[in-house]
Amino acid sequence: MKSPNRLQRSLIRQYIFFFITIALIAAFSLFVLNAQMVNYFREASGPIKSVEAEVMGGPAAAPGVNSEQHEQEKVKVFYGMALKTLLLFLALFAIIVYAFGRWTASRVTTPLRSIADGIRSIARGHYHERLNFQASYELAQIQDDFNEMAARLEQIEKEKLELEESKQRMLMDISHDLKTPMTTLRGYIEAMEVGLVDSEERRAQILSMISNKASLMLELIDGIFELSKLDSPEYPFDVQTSDITEFTRAIAAEYYEVFEEHKFYFHYDIPDREIWIPFNATWLYRAVSNILSNALKYNPPGTTVGLKLAAAGNGVEIHLSDDGVGIPEDIQGKVFDAFVRGDLARKSDGGTGLGLAIAKQVIEKHGGTITLTTNGQTTFVLFLPECKITERIGKAK
């Protein structure tokens, strides 16, 4: 349904008012002219006056002026009155035109000038510019749309600056995370080259540390490569409809022994029915395992870790929780950014800081969301849309 063209109606009303005003001025001018003429002809029924006496107030004409002179004087007097009336009409017309022009400018031209100034400001990159004027419906709509566009551009510019800062910070983090183990490796190798390692036991310890640092560097490089692949819109992300309960059950079985070995308490809650959903098993496994591995890596023995799968609305939710040391409040808002680690609150370090960033990209590639809650325990909720629930066939393994 089209919105009413209130601007057009407003202009039509203004022009009608203008023409009515002009008509009233013209009628008033004709009334003045008629009054002058009536007054003149009343006086003309008496002694005939000369043009000088009528117009300039001079002495009356002498008696005996002929009829032709009388008619000429009447014509001159008529033109004089008509000229006065015309001048009065033009003066009133000029005043009305000026007042109407100022009124129209305040109603139409002023908002248009504000809009033009706002567009020029946006073109110069001043995205904080906003319009604020009183106008008719259509111009008010333009103002609202302009302010909404400016707000979006300001937000885009802010996100662009944040992205540039994030990229710069990421490069610095990559340099740091690669340089630190490289410096350590170089020190160990030089110590072995100059013969500072004088026992086989110490030599074995150093070789083990070199292997660990090399593994960390390889893990970091692999994480950067995977994150870059997920960031690329051209990277193929194939999904296949499968039973996610069986998938979750396999992950629970794999991590059960790992958590038990590290003296963690592991609880899982998986429905005993099939839940069919399109997902990429390889990448979803990586997302879930990253979170479970973080719980294992950053929490002390005795921590309880939970894995829960549940239908939610038009999709499923995977809840991954732990009651360990938690995540510092100051980094909870950016925990899914690359290279963000809660080292100040953790008992050990050595992670790449890419696990949660990869998990977030994986879930978003599925069209879902990942959220963090910290109400007494740390819980990550992975939501995947478009599921179809059917009764499970067979017994749980």
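The values are calculated or read from the model by the stated rules, or taken from the named source; none is laboratory data. Not measured: the values here are computed from a predicted model. Note: areas computed on protein heavy atoms with side chains; ligands, DNA, RNA excluded. Shrake-Rupley method; radii C 1.70, N 1.55, O 1.52, S 1.80 Å.
Ranking VAL32, VAL239, VAL316, VAL194 from most to least accessible surface, computed with a 1.4 Å probe over the protein chains only, gives VAL194, VAL239, VAL32, VAL316. As a length-normalised measure over Cα pairs under 8 Å and 6 or more apart, the relative contact order of the stretch 118-165 settles at 35 percent. Classification of the stretch 237-301 by its C-alpha gyration tensor yields an oblate form. The axis ratio a/c (a ≥ b ≥ c) is 1.5 or more, and b/c is at least a/b. Legend: residues THR304, THR248, sorted from most to least accessible area (1.4 Å probe; ligands, DNA and RNA excluded), read THR304, THR248.
Accessible surface of HIS267, taken over heavy atoms with a 1.4 Å probe and every protein chain present, rounds to 110 Å². Given a cut-off of 24 Å, name the pairs among LYS308/LYS360; LYS263/LYS360; LYS229/LYS334; LYS213/LYS297; LYS263/LYS297 whose C-alpha atoms lie farther apart than that in the structure shown. Distance filter (> 24 Å) returns LYS263/LYS360.
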